[in-house]
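Down below is the structure, laid out as structure tokens.
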């Protein structure tokens with residue numbers, strides 16, 4: 001089987017997963033992905049710690065007990081397409097089953113901590129992370145962030161995922177300094193580019209979560225504080241929502257509910273609004289402002305408006 005490591009988990013897979021970091025050694029797997037047939041009636045079973053997914057163009061998946069994935073793929077499905085849901089919602093379900101807080105966020109490492117970017121689809125999570133990476137800050141996740149929330153009140157920790165960015169062609173050059181033609185498309189029908197970067201952090205070592213930025217659209221670049229109550233709601237909005245699975249996990253006496261996890265994160269990690277102009281040429285300035293804010297070099301306020309005399 002193919003052997004990888006992501007989110008601190010050793011993953012053995014029948015299906016090659018070139019986006020993931022190869023694992024060394026012969027340690028036992030934490031997660032096994034098998035290419036097998038699934039009983040068509042199995043999805044109707046109400047089993048704790050089990051989630052089912054189905055995509056007409058791809059096939060069906062089962063994620064069970066945070067350890068097992070069965071991928072029942074359609075005949076002749078393109079592996080590039082099959083990996084998109086497998087490394088997205090399906091892997092997200094596995095992480096939920098293992099007790100992680102799972103967020104729709106992209107993240108980099110700045111100094112000794114993780115800086116994550118949350119936002120609605122199309123708001124620039126990947127582009128913002130890419131702009132930080134272009135300035136030397138390692139990428140550790142794109143759209144799937146796994147946060148371990150300790151129950152002893154200590155700082156939440158992020159387990160590195162895999163260093164792959166999915167960017168629209170117009171964002172590639174401003175964010176990475178390379179042309180879009182240097183990277184393959186996700187698929188012949190998808191214009192987004194798959195930017196696979198070399199791993200720059202140890203994949204089996206968690207990193208403290210230091211800052212969360214929630215992306216907003218606006219004309220002027222700004223970093224604004226977010227009240228804890230709003231930060232709590234924001235975490236809920238951008239967490240992975242699999243309601244049926246979540247209900248079963250809580251029934252199975254999971255140690256911490258998502259609500260408790262949100263509270264712990266908000267109590268330990270500053271949450272900011274990042275107002276981001278659409279102008280891609282502003283990405284380097286934005287990256288600098290983010291790093292300055294993290295390092296204490298600037299306040300979380302909008303810069304003063306220029307007067308006519310200026």
Q.
Any residue at all in segment 146-155 that's within 25 Å of residue 17 (Cα to Cα) and crowded, with 24+ Cβ neighbours inside 10 Å?
A. yes
Q) Given the conditions (1) out of contact with any helix residue (DSSP H, G or I) (no Cβ under 7 Å at 6 or more places or on another chain); (2) surrounded by fewer than 23 Cβ atoms within 10 Å (Cβ to Cβ), and given that residue 92 satisfies all but one, which numbered condition is not satisfied? A) (2)
Q | Some residue of segment 163-180 being out of contact with any helix residue (DSSP H, G or I) (no Cβ under 9 Å at 6 or more places or on another chain), surrounded by 16 or more Cβ atoms within 10 Å (Cβ to Cβ) and part of a loop (DSSP other than H, G, I, E, B) | A | no
Q.
With the requirement that a residue be crowded, with 24+ Cβ neighbours inside 10 Å and assigned to a loop (DSSP other than H, G, I, E, B), what does segment 104-113 give you?
A. none
Q: Just one of (1) at positive phi; (2) touching a strand residue (DSSP E or B) at 6+ places or on another chain (Cβ under 6 Å); (3) modelled with pLDDT under 95 trips up residue 7, so point out which.
A: (3)
Q | Among the candidates 134, 116, residue that is surrounded by 24 or more Cβ atoms within 10 Å (Cβ to Cβ) and not assigned by TED's automatic domain parsing to the domain that holds residue 9 | A | 116
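Scan segment 34-56 and give yes if some residue there is outside the structural domain of residue 265 (by TED's automatic domain parsing), surrounded by fewer than 23 Cβ atoms within 10 Å (Cβ to Cβ) and under 24 Å from residue 203 (Cα atoms), otherwise no. Before the answer, list the steps.
The initial filter retains those residues of segment 34-56 that are outside the structural domain of residue 265 (by TED's automatic domain parsing), namely 34-56.
Pick out the ones that are also surrounded by fewer than 23 Cβ atoms within 10 Å (Cβ to Cβ) and you get 34-50, 52-56.
Subset that is under 24 Å from residue 203 (Cα atoms): 34.
Yes - at least one qualifying residue is present in segment 34-56.
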Q: Just need a number here: residues in segment 121-136 that are free of Cβ contacts under 8 Å to residues at least 40 places away in the same chain and touching a helix residue (DSSP H, G or I) at 6+ places or on another chain (Cβ under 9 Å).
A: 1
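The values are calculated or read from the model by the stated rules, or taken from the named source; none is laboratory data. In this text, all values refer to a predicted model and were calculated from it rather than measured experimentally. Because the Cβ atoms are built from the backbone with ideal geometry, glycine has one as well, and the counts that use them run over all protein chains shown.
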